[in-house]
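Engineer: Have a look at this one.
The values are calculated or read from the model by the stated rules, or taken from the named source; none is laboratory data. Everything numeric in this text was worked out from a predicted model, so none of it was measured. Heads up, the Cβs are rebuilt from the backbone with ideal geometry, glycines too, and the neighbour counts pull from every protein chain shown.
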Amino acid sequence: MIAGYIPILIMIVLAVLLAAVLLLVSHALGPKRYEKRKLTPYECGIPPVGDTRGRFSARYYLIAALFILFDVEIAFLFAWAVIFKELGLLAFIEVLVFLIIILGGYFYLLKKEALEWD
């Protein structure tokens, strides 16, 4: 049974080795000159104004995490929708429970005003 996974393991090891070799060769053969102009952020040819290393609000990260959460939910629902006729009543009930849990989380976020931009 494990023998079936050996080609996948070999492919993963070869991919990691190839990536490591390419990084080492690039580092060894790449230019070593660092200029101040090359280390400044590029803003469409216009000299940067103000501090370019400003921090983002934590709200952006929260919205990104929520987007990923609900995006994964939709991916699960697409997979279920493709074969839902073949799965039967038990799978339908399981998906309903899954949706109720996810919607409960969504309504909790609305109640806590996590999606508000005050």
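Engineer: So which residues in the stretch 71-87 are modelled with pLDDT under 85 and either surrounded by fewer than 11 Cβ atoms within 10 Å (Cβ to Cβ) or under 22 Å from F107 (Cβ atoms) (or both), if there are any at all?
Structural biologist: K85
Engineer: Go through the stretch 92-118 residue by residue and tally those that are in a loop (DSSP other than H, G, I, E, B) and surrounded by 10 or more Cβ atoms within 10 Å (Cβ to Cβ).
Structural biologist: Number satisfying all stated conditions: 2.
Engineer: A follow-up question, please. Six or more apart or on different chains, Cβ under 6 Å: which pairs go from a residue in the stretch 68-81 that's within 16 Å of V97 (Cα to Cα) to one that's part of a helix (DSSP H, G or I) and among the β-branched types (V, I, T)? Could you list them?
Structural biologist: Here the result reads E73/I102; W80/V95, each pair linking the stretch 68-81 to a residue that is part of a helix (DSSP H, G or I) and among the β-branched types (V, I, T).
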